[in-house]
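Take a look at the structure below.
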Amino acid sequence: MAATVDRPIAIRDRIAPLHAFVLGGAITLFIAAMLSDMAYSSSYEIQWNNFASWLIAGALVLTALAVVWGFVDFFRRGGGQSRNLVYPVLMLITWILGFINALVHAKDAWASMPEGLVLSIIVVLLACIAAGAASMSRRTGALS
């Protein structure tokens, strides 16, 4: 019979539930903005562009919270490994590109296309990669 050892995961090694909520909300809003851009590019209904602008604004607020949380967590751990810095840096890049996307969406309706759609796709991909980096940089509790 093999014995297994369950070690509790320290609080600092888990992604906090509130942080996960903020990150998940940001990704969801960026995805919804991208889908709104796709709907606008095929229907020319200006309300889709307005909707995407508001979704991007909400996503930027949540992304800013995730960026701050990521850097605070990194420095609270004492700097540590550079792989722990990947997540906050990716989220910062996501926020910067999301802000540029918000400025593009502030243009007059069709003038925001196709740059708005392309930026939305890039921001969604970056946010998803950052979320993956966040989960990879955390310990899983396995014996090492």
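Readers should treat all values here as calculations from the given coordinates under stated rules, not as data from a laboratory. Just so you know, these numbers come straight off a predicted model, no measurement behind them. When we count neighbours, we look across all protein chains shown, and the Cβ atoms used for this are built from the backbone with ideal geometry, even at glycine.
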Placing +1 on the Cβ of each Lys and Arg and -1 on the Cβ of each Asp and Glu in the range 17-136, which of Val61, Met113, Leu85 has its Cα farthest towards the positive end of the resulting dipole?
Leu85
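Give me the net charge of Leu119's neighbourhood, meaning all other residues with Cβ under 13 Å from the Cβ of Leu119; Lys, Arg count +1, Asp, Glu -1. Could the numbers behind the result be given before it?
Values: positive: Lys107; negative: Asp37, Glu115.
Taking every other residue near Leu119 into account, the sum is -1.
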Where the centre of each part is set by its Cα atoms, how far does the range 16-79 sit from the range 88-109, in angstrom?
10 Å
